[in-house]
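Step one of this worksheet: look at the structure below.
The values are calculated or read from the model by the stated rules, or taken from the named source; none is laboratory data. This structure is a prediction, so every number in the text was calculated from the model and none was measured. Positions of Cβ are backbone-derived with ideal geometry, glycine not excepted, and every protein chain shown enters the neighbour counts.
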Amino acid sequence: GENVGLHLPTLSVQEGDNSIINCAYSNSASDYFIWYKQESGKGPQFIIDIRSNMDKRQGQRVTVLLNKTVKHLSLQIAATQPGDSAVYFCAEKMYSGGGADGLTFGKGTHLIIQP
Amino acid sequence: DAGVIQSPRHEVTEMGQEVTLRCKPISGHDYLFWYRQTMMRGLELLIYFNNNVPIDDSGMPEDRFSAKMPNASFSTLKIQPSEPRDSAVYFCASKPDGSKTQYFGPGTRLLVL
């Protein structure tokens, strides 16, 4: 079936470097994508989102890029800090049954920041 | 402001017992979602409510699972009888109408022995 997946399960970067987390999706009908951050023992926390009519969106130290041609989503984190260590999930807006508000999550990438 | 509140935070029970997980959404949020997270399957949507009415329960694994939302500030997810394969972290999330961003609670870590 259609799903959202991640290329790399673990990514290790040096503190201060930039990191890029990738996500592939297969549902061309999805119109909204979100990146969540999940720290150990906590629930997912919203980072940034992007609509399908956009290619790029920037936040504070984070940038999301959307390439609809190859159905690829990426999250760039600039100048990584120890607090960025977490599991990052991409999610797409899912149409399911009579509702249209559920999210389909990828498996997650564990980002490790090395001092 | 208080975020989504879930209780208990941890639950250990024996196979066959009834388990009830509780959630208080953020005040004013019209949507409430229940998710399950496991290492094997990641985060899965189980069911969601809009204005206390269940909209989509296609993610509920089987009849042993049931969810209710008797009012705008409270929801329960019940497993009866519980099985070891139900062991997971269960998250509740809520969002206001018109927003696509869901706000997650801290989760309930369930272990069924």
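Against the condition of a type in the set (Asp, Glu), out of contact with any helix residue (DSSP H, G or I) (no Cβ under 6 Å at 6 or more places or on another chain), in a strand (DSSP E or B) and away from chain A (no Cβ under 14 Å), how does B:Glu11 come out, does it pass? If you could, list the steps in order and put the result at the bottom.
Details: of a type in the set (Asp, Glu): yes; out of contact with any helix residue (DSSP H, G or I) (no Cβ under 6 Å at 6 or more places or on another chain): yes; in a strand (DSSP E or B): yes; away from chain A (no Cβ under 14 Å): yes.
Spelling it out, B:Glu11 is indeed of a type in the set (Asp, Glu), out of contact with any helix residue (DSSP H, G or I) (no Cβ under 6 Å at 6 or more places or on another chain), in a strand (DSSP E or B) and away from chain A (no Cβ under 14 Å).
If you take the residues in region B:78-102 that are aliphatic (A, V, I, L, M) and either closer than 19 Å to A:Lys37 by Cα or within 10 Å of another protein chain (Cβ to nearest Cβ) (or both), which one is surrounded by the most Cβ atoms within 10 Å (Cβ to Cβ)?
Within region B:78-102, the subset aliphatic (A, V, I, L, M) is B:79, B:88-89, B:93.
If we keep only those that are either closer than 19 Å to A:Lys37 by Cα or within 10 Å of another protein chain (Cβ to nearest Cβ) (or both) as well, we get B:88-89, B:93.
Working: B:Ala88: 21, B:Val89: 18, B:Ala93: 26.
Applying the filter and picking the extreme gives B:Ala93.
Exactly one of these conditions fails for A:Phe33: (1) more than 25 Å from B:Arg41 (Cβ to Cβ); (2) at pLDDT below 95. Give me its number.
In the conditions (1) more than 25 Å from B:Arg41 (Cβ to Cβ); (2) at pLDDT below 95, A:Phe33 misses (1) alone.
Show me the strands (runs of 3 or more DSSP E) found entirely inside region A:1-88 where at least 1 residues are surrounded by 13 or more Cβ atoms within 10 Å (Cβ to Cβ) and without any contact (Cβ under 8 Å) to a residue 60 or more places away in the chain.
Once the strands (runs of 3 or more DSSP E) in region A:1-88 are filtered for at least 1 residues that are surrounded by 13 or more Cβ atoms within 10 Å (Cβ to Cβ) and without any contact (Cβ under 8 Å) to a residue 60 or more places away in the chain, what remains is A:19-25, A:32-38, A:45-51, A:56-58, A:62-67, A:72-77.
Need the failing condition index for B:Ser75 against (1) surrounded by 15 or more Cβ atoms within 10 Å (Cβ to Cβ); (2) among the polar types (S, T, N, Q); (3) out of contact with any Leu (no Cβ under 6 Å at 6 or more places or on another chain), just the number.
Against the list (1) surrounded by 15 or more Cβ atoms within 10 Å (Cβ to Cβ); (2) among the polar types (S, T, N, Q); (3) out of contact with any Leu (no Cβ under 6 Å at 6 or more places or on another chain), B:Ser75 comes up short only on (3).
If I filter region B:23-43 for residues that are more than 14 Å from chain A (Cβ to nearest Cβ), within 15 Å of the chain's Cα centre (by Cα) and outside any strand (DSSP E or B), do I get at least one hit?
No; the residues of region B:23-43 include none that is more than 14 Å from chain A (Cβ to nearest Cβ), within 15 Å of the chain's Cα centre (by Cα) and outside any strand (DSSP E or B).
State all residues of region B:44-74 that are within 24 Å of A:Lys42 (Cα to Cα), within 12 Å of chain A (Cβ to nearest Cβ) and assigned to a loop (DSSP other than H, G, I, E, B); if no residue qualifies, say none.
Selection gives B:Gly59, B:Met60.
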